[in-house]
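> Structure below; questions to follow.
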Amino acid sequence: MRRVLVAVAIYSAVLASSASVTLGQQPPAAPPAQDPAAAVPPPPAAAARGPQAAPKNLKVLPKEWTTQQVRALMQTFAESLGVMCTHCHAPDPNAPPPAAGRPPTLDYSLDEKPEKEVARKMIQMVMSVNSDALKGIGDQAIPEKVSCFTCHAGAKVPLTQPAAGWGRGGFSLLPAGPPARGRGANP
């Protein structure tokens, strides 16, 4: 995440400097500094960003999480499912239209897309599996045994069976049990 923020800061600085050159303007002169430390301006991204607002509309994740923590987790979701942020998040209706070739500005607090509610249910499932179903199993130093990637493995829809099928029978934990294949069984 830090690399992404640094890349955005560098990209912003390059765009700002190239815009002034393109428009035939000289970059503004720095005011005379009283102190050598005062002559060093803050990094462009930090100055432009200002303080980050707290995440809004957190229904499953801890409400005390910072924006940075939520973004870090969201990046793992994107990687685990092989999707972009727009899979779950809706465009900001109050934002200006995006430039050509750019994605829309998103309003992460909106609940317009059903995929967001599915994601919340899946987060609850993973949290429950890790805290309840797998408690005391495996390496105790690793509290989270499963993640979205465990099932999705980079695919939007996880596989539900091997690519070549089950071979013999099928998988079911329902009371009726798995379908029996073999001599005399219906295919």
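Yes/no per residue for (1) polar (S, T, N, Q); (2) touching a residue at least 40 places away in the same chain (Cβ under 8 Å); (3) out of contact with any helix residue (DSSP H, G or I) (no Cβ under 6 Å at 6 or more places or on another chain); (4) over 30 Å from Q52 (Cα atoms):
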site: P104; (1), (2), (3), (4): no, no, yes, no
site: E112; (1), (2), (3), (4): no, no, yes, no
site: K121; (1), (2), (3), (4): no, no, yes, no
site: E144; (1), (2), (3), (4): no, no, no, no
site: Q161; (1), (2), (3), (4): yes, no, yes, yes
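> For region 67-94, name all the residues that are assigned to a loop (DSSP other than H, G, I, E, B) and either among the hydrophobic types (A, V, I, L, M, F, W, C) or surrounded by fewer than 12 Cβ atoms within 10 Å (Cβ to Cβ) (or both).
Of everything in region 67-94, those that are assigned to a loop (DSSP other than H, G, I, E, B) and either among the hydrophobic types (A, V, I, L, M, F, W, C) or surrounded by fewer than 12 Cβ atoms within 10 Å (Cβ to Cβ) (or both) turn out to be V83, M84, C88, P93, N94.
> Which of the residues that make up region 108-125 are touching a strand residue (DSSP E or B) at 6+ places or on another chain (Cβ under 6 Å) and either closer than 18 Å to K156 by Cβ or outside any loop (DSSP other than H, G, I, E, B) (or both)?
Hit for region 108-125 is K113, nothing else.
> Follow-up question, since we're still on this one. What's the number of the only condition in (1) in contact with an Asp or Glu (Cβ under 9 Å, 6 or more places away or on another chain); (2) closer than 20 Å to V126 by Cα that Q69 fails to meet?
So the condition that Q69 fails would be (1).
Here, each number is a calculation from the coordinates, and none is a lab measurement. This is a predicted model, so every value here is computed, not measured. With ideal geometry, Cβ positions are generated from the backbone for all residues, glycine too; neighbour counts draw on all protein chains shown.
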